[in-house]
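Trainee: Supplied in structure tokens, the structure appears directly below.
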Amino acid sequence: MKFVPNVAVATTAQTVGVDAGLAAGTHRFQLVVFNARGQASKPQTFDVVIMPTIVVPVTPIGPVGPPLP
């Protein structure tokens, strides 16, 4: 699911998949749950921290297979 800042997302699903396109940094989410009678829970706020992935080249430390001809 793609999230847009300050735009509510309504769903009946018990879990929500998050789009992998969130930028690195801290993102604050607020959750409000409604019961069968339509009564809302108190808002719960939580932070999700997205860390950048750094990929560095790896140097082999020894032979990894048979020598090439």
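Trainee: Output yes when any residue across the range 51-58 is surrounded by 10 or more Cβ atoms within 10 Å (Cβ to Cβ) and under 23 Å from LYS2 (Cα atoms), and no when none is.
Mentor: No, the range 51-58 contains no residue that is surrounded by 10 or more Cβ atoms within 10 Å (Cβ to Cβ) and under 23 Å from LYS2 (Cα atoms).
Trainee: Does GLN14 fit the bill of being assigned to a loop (DSSP other than H, G, I, E, B) and within 17 Å of the chain's Cα centre (by Cα)? Let's see the steps before the verdict.
Mentor: Numbers: assigned to a loop (DSSP other than H, G, I, E, B): yes; within 17 Å of the chain's Cα centre (by Cα): yes.
Answer is yes for this residue.
Trainee: Right, here's the next one. Do we have ASP47 as among the acidic types (Asp, Glu) and assigned to a loop (DSSP other than H, G, I, E, B) here?
Mentor: The answer is no for ASP47.
Trainee: I need the full set of residues from the range 50-69 which are in contact (Cβ under 8 Å) with a residue 12 or more places away in the chain and in a loop (DSSP other than H, G, I, E, B), in order please.
Mentor: Here is the first cut: in the range 50-69, the residues in contact (Cβ under 8 Å) with a residue 12 or more places away in the chain are 50-52.
Scanning the range 50-69 gives MET51, PRO52.
Trainee: Only one of these conditions is not met by VAL64: (1) modelled with pLDDT of 90 or more; (2) farther than 16 Å from MET1 by Cβ. Which number is it?
Mentor: The number of the failed condition is (1).
The values are calculated or read from the model by the stated rules, or taken from the named source; none is laboratory data. In this text, all values refer to a predicted model and were calculated from it rather than measured experimentally. All Cβ positions, glycine included, derive from the backbone under ideal geometry; neighbour counts span all protein chains shown.
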